[in-house]
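S.K.: Below is one structure. I have some questions about it.
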Amino acid sequence: MISVPIETTPRSGAANMAADAAMLDAAANGVAAGRWYRWTEATVSLGHFQEETDLDCVVPPDLPLVRRLSGGGAIVHHHEWTYALAVPRGHALAARPEQFYEAVHGELIAALGTSGVAARLRGERPTEGPDPALCFRRSDPRDVVITDADGVERKIVGSAQRRRKGAVLQHGSLLITASPYAPHVPGLRETQGITDARAAAIVRDAAVRFGRLLTAGSASGPFGGPSLIDDLPKPL
């Protein structure tokens, strides 16, 4: 089975984006891989096509800033776990963007459920006006959401994709605790009382589930291979 490692050493924003880019390059050459990772400090990532001016008055201007390969809104990466999965052309998950999102988010929902968190896909909702600058304030039918104690629907996983030569990178954030730089976006700690130990158990479960997804999809096509974690850029 393809392994999806859980990195124990956090990386800088630049190092994390370089590692994700390396995974996409490798997927374009036929190798599926994945990883879970964290960030050394609070960092804002912009969507590939997003303007920096979108962040005016939204997040503090002195936070480190990186640009993702993927689209979507900005994310304040702080108290979270981030996953990245990359698959080559011919892998089952590369066929349709929606299929990749739904398969991965379904496994996250299952992993959350084993820790007592009742999560679900958002489903279709009416939206009005332009998209907010921050990913976790945006709405998509495939978002992973929970309902807090006040009955408010809260997004806890936001994901985005990038395609290259038929290969696909999907990465996303599992929000554990609200960042003081984005206090209006609560995480699992605030909404579900999740501890660090339970969060780690969710990530471990999801890593196994992701490995099965990568392996099963590779078995149906001409590609696949071992994890590339040893070949990725080292933490900075």
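The values are calculated or read from the model by the stated rules, or taken from the named source; none is laboratory data. All of these numbers come straight from a predicted model, not from anything done at the bench. Note that each Cβ is placed from the backbone with ideal geometry, even for glycine, and that neighbours are counted across all protein chains shown. The accessibility values were calculated without ligands, DNA or RNA, using every heavy atom of the protein model including side chains. Shrake-Rupley method; radii C 1.70, N 1.55, O 1.52, S 1.80 Å.
S.K.: Tell me the per residue accessible area of segment 166-210 using a 1.4 Å probe; a whole number in Å² is fine.
M.R.: It amounts to 34 Å² per residue over segment 166-210.
S.K.: So, counting K/R as plus one and D/E as minus one, what does the shell of residues with Cβ under 11 Å around Leu175 add up to?
M.R.: In short, +1.
S.K.: Mind checking the full-extension length gain between Ala216 and Phe49? Use 0.36 nm per residue of separation minus the Cα-Cα distance, one decimal, nm.
M.R.: Here the answer is 56.9 nm.
S.K.: Using a 1.4 angstrom probe with every protein chain in place, what is the largest-first accessible-area order of Lys155, Lys165?
M.R.: Lys165, Lys155
S.K.: Here's another thing I want to ask about it. At what distance in nm do the modelled label points of Glu41 and Thr8 sit from each other, each positioned 7 Å from its Cα along Cα→Cβ?
M.R.: Distance between label points: 2.5 nm.
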